[in-house]
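Data first, discussion second: the structure below is written as structure tokens.
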Amino acid sequence: MNNTTALCEAYDENVRPIIDLIDKLRMIGLENDISLPTVVVIGDQSSGKSSVLEAISGIQLPRGSGIVTRCPLELKMKNSSVWSSDIQYNTISGERIEMAIETSDNVERIIRNAQIAMTAGSKDISEELISLSVSGNDVPDLSIVDLPGIARIAVAGQSSDICNKIKKIIHKYAERENTVMLCVIPCNQDVATNESLNIARLVDPEGKRTLGVLTKPDLIDKADAPDWLTALQNSTEKIFCEHHQHQDSPIFSKCRVKCTVTMAARLV
């Protein structure tokens, strides 16, 4: 038995049951009374959160402009030889919905339908959780909660306090000491003023629970290259993993090659 096989068997025996238990506790609502370990994804609208989650899970999630993630989405992933998926949520009227998803092509549509059923309008949000389970041979053993994208201003059809509502949902998860925050930072924005990092700094000033994830590296302006190099070297905030820390991770390896090559081309 090689080291990799032994590690996988030890993980399945000791770690996987803990992840399953945490998922079950969260599903029945005990996270309101018990601080459960959680990985959350935080970012501005159109920051590339969906692309990050799709790269990790291998399934297509809702995309578009404006508020796309309108409810917290718990993505429970499990490595398995057979693909399967199911979704659970409560409608705005209180009806409990539990249904199997037959193919990966249906996931995006079913999530959009769930969000419609959980909110008062097409541009409304809810703090209620959608639980999506996905199993497959290209899926890591991991649970992540995707949160609504940070908005700067309300648009037509949205309540005037929509921005505060979104930040309230984000703070609800981010303030918990057992939460690890994945801050999605698009490379066409100033990293120093990124709102997801501002929230992380507020609740985690030492950066012990914060990881930065860069998206859209092809949009880096050469004039901003020194600032991005400084950020990637963790000279100002230690939020980026060094290469040796994740080079063997199946999660990072799916995104790393394209991102690294594209970013290097823009920074040279």
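The values are calculated or read from the model by the stated rules, or taken from the named source; none is laboratory data. On a predicted model such as this, the values are computed, not experimentally measured, just so you know. Quick reminder, even Gly has a Cβ in these numbers, built from the backbone with ideal geometry, and neighbours come from all protein chains shown. Remember, those area values only see protein heavy atoms, side chains included, never the ligands or the DNA or RNA. Shrake-Rupley method; radii C 1.70, N 1.55, O 1.52, S 1.80 Å.
List of remarks:
- Gly212 being small (Gly, Ala, Ser), under 25 Å from Glu127 (Cα atoms), without any contact (Cβ under 8 Å) to a residue 60 or more places away in the chain and open to solvent by less than 40 Å² (accessible area, probe 1.4 Å): yes
- In region 165-177, the residues that are under 13 Å from Gly207 (Cα atoms) and open to solvent by less than 70 Å² (accessible area, probe 1.4 Å): Ala174
- Hits in region 61-84 (condition: at pLDDT 85 or above and within 20 Å of Ser126 (Cβ to Cβ)): Leu61, Pro62, Thr69, Arg70, Cys71, Pro72, Leu73, Glu74, Leu75, Lys76
- Residue within region 13-28 that is at pLDDT 85 or above and touching a Leu at 6+ places or on another chain (Cβ under 6 Å) present: no
- Residues in region 181-211 that are within 16 Å of the chain's Cα centre (by Cα) and either in a loop (DSSP other than H, G, I, E, B) or more than 25 Å from Asn164 (Cβ to Cβ) (or both): Arg209, Leu211.
- The sole residue among Ser81, Ser85 that is out of contact with any Lys or Arg (no Cβ under 9 Å at 6 or more places or on another chain), of a type in the set (Gly, Ala, Ser), open to solvent by less than 50 Å² (accessible area, probe 1.4 Å) and more than 25 Å from Ala174 (Cβ to Cβ) is Ser85.
Conditions tested, residue by residue: (1) in contact with a helix residue (DSSP H, G or I) (Cβ under 9 Å, 6 or more places away or on another chain); (2) closer than 15 Å to Gln45 by Cα.
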| position | (1), (2) |
| --- | --- |
| Leu182 | yes, yes |
| Asp204 | yes, no |
| Thr215 | yes, yes |
| Asp227 | yes, no |
| Gln233 | no, no |
